[in-house]
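The values are calculated or read from the model by the stated rules, or taken from the named source; none is laboratory data. All values derive from a computational prediction rather than experimental measurement. A quick note on method: Cβ atoms are made from the backbone with ideal geometry, for glycine too, and the neighbour counts reach across all protein chains shown. To get the accessible areas, we keep the full protein, side chains included, count just its heavy atoms, and leave off ligands, DNA and RNA. Shrake-Rupley method; radii C 1.70, N 1.55, O 1.52, S 1.80 Å.
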Amino acid sequence: MAFVLEPTAEVLIHCQDYNGARSSVRFFVVNTDADPAAGGPAALAAAVQGISADAVTSVETLLHSVDPLPGSPTDGPYSRGADKGLFEFGSTDGSIVKMQIGAPNETHLEPDHLRYSVSDIAVLALETAMKSFGKTAEGAAITHFQTGYRRRPSRRKGK
Amino acid sequence: MASLATRVTVVFDPQWGPQFAVRFHVAPGIIDPNNAGIQAIVTAINALTRAIALTIELSQVDAIAGSPVMSADYISEDKAAFKALDGDGQAHNYRIPGPTAAIFLANKETIDMTNLDVVAFVAAVTANALGRGGVPITTIPVGFRAENRKKLKSAPQI
């Protein structure tokens with residue numbers, strides 16, 4: 001399962017005018033020049049600021065990749081294809097990180113078909129991976145798996 | 001201020017139902033989708049779903065301090081539209097919001113390509129920007145004002 005990067009990185013230069021209206025300018029640079037604070041993205045942001053009365057508020061770089069040989073998803077019992085599995089993790093700064101996955105595998109739920117337990121080997125593997133490598137959006141480390149449960153999104157229209 | 005984390009967005013395709021995306025954060029500065037940490041989390045998610053990972057997107061943000069310059073309300077939504085050409089002759093468009101008055105010629109519609117700030121912009125784009133397929137941008141021959149103003153609605157005649 002090796003992901004292949006697209007040849008270019010997407011650079012989004014976010015601007016805001018004095019009325020508060022926001023807009024963005026999009027460029028593409030070589031995929032090895034993806035640091036938003038240096039190189040091509042920083043030079044393009046400075047150049048845009050030179051001809052614009054807007055304030056350049058941030059530079060965002062996006063790297064897109066695709067698995068050319070993804071294989072096939074596994075089959076098995078589905079109670080409902082639209083169901084989600086919601087996982088909550090605690091972090092060192094006290095914030096809660098939530099992760100929602102689709103198409104939850106029935107075999108990893110507790111006998112009540114509603115909750116996940118860290119005693120399940122797959123949930124334990126996710127907790128281990130998140131504690132080792134996951135972060136909050138502010139860069140704080142993940143400390144523990146807090147809770148996990150099945151969520152059934154409302155299908156009600158026009159609410 | 002540089003990103004405190006790299007945002008990872010993974011799109012999964014399940015056996016049944018629509019594709020869905022899962023988003024999480026890892027340490028800043030990671031630019032390889034095959035990074036061991038990212039793949040460990042994706043593998044763990046795969047075990048909990050009946051889905052397969054198709055694409056991974058990595059995002060980093062650098063915040064910049066500064067304030068906008070005041071300009072007339074009705075023109076602040078205008079754009080400076082630049083027509084660029086790459087090495088294959090393919091055209092690309094760049095639209096810059098809130099262009100300053102100084103970059104326009106006397107007709108206030110055509111961009112003065114000899115203006116120093118415009119020259120610097122063209123130089124930065126031709127030095128760094130590519131088309132999405134990877135072909136470098138080689139020239140920006142022209143630029144003009146693109147109006148983005150709401151049309152006034154006429155009042156009913158009484």
For region A:59-121, take the alpha-carbon Rg, divide it by the Kirkwood Rh, and send me Rg/Rh. 1.07
For B:Gln15 and A:Ala21, extending 7 Å from Cα along the Cα-Cβ vector and measuring point to point gives, in nm, a value of 5.1
Angle between the Cα long axis of helix A:39-51 and the longest principal axis of chain A, 0 to 90 degrees, nearest 10? 50
At 37 °C and 0.692 mPa s, grab the translational diffusion coefficient of the protein assembly as shown from Stokes-Einstein with a Kirkwood Rh over Cα pairs, rounded to a whole number in µm² per second. 148
Within chain A, what is the number of lysine pairs with alpha carbons under 26 Å apart, leaving out pairs fewer than eight places apart on the same chain? 9
Given a 1.4 Å probe, how much area per residue of chain A is accessible, in Å²? 46
Nearest 10 degrees is fine. How inclined is helix B:116-128 to the longest principal axis of chain B, computing both from alpha carbons? 30
Over chain B, the sum of -39500 (n - 2.57) across DSSP H runs of at least four, divided by residue number and rounded to 500 deg cm²/dmol, gives at 222 nm -5500 deg cm²/dmol
Taking N as the residue count of chain B, its alpha carbon Rg divided by 2.2 N^0.38 Å gives 1.50
Computed over chain A: longest principal axis from alpha-carbon atoms vs helix A:121-133 long axis, angle to nearest 10 degrees, is 30
Scaled radius of gyration (Cα, divided by 2.2 N^0.38 Å) that chain A gives: 1.40
Could you tell me which residue out of A:Ile101, A:Pro153, A:Ser119 lies farthest along the dipole of region A:79-159 toward its positive end? Charges go on the beta carbon: Lys and Arg +1, Asp and Glu -1, centred on the Cα centre. A:Pro153
Computed [θ] at 222 nm, helices only, for chain A once each DSSP H run of length n ≥ 4 contributes -39500 (n - 2.57): -5000 deg cm²/dmol
Nearest-10 value in Å² for the accessible area of A:Thr32, using the 1.4 Å probe: 110
Residue-count net charge about B:Leu4 - beta-carbon cut-off 13 Å; Lys, Arg +1, Asp, Glu -1: -1
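How many lysine pairs in chain B, separated by 8 or more positions in sequence or lying on different chains, have Cα atoms less than 22 Å apart?
Numbers: B:Lys79/B:Lys108; B:Lys79/B:Lys150; B:Lys79/B:Lys151; B:Lys83/B:Lys108; B:Lys108/B:Lys150; B:Lys108/B:Lys151.
Summing the qualifying lysine pairs gives 6.
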From highest to lowest solvent-accessible area (probe 1.4 Å; ligands, DNA and RNA excluded), A:Leu44, A:Leu5 read A:Leu5, A:Leu44
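Just the number please: accessible area per residue for chain B, 1.4 Å probe, all protein chains included, in Å².
52
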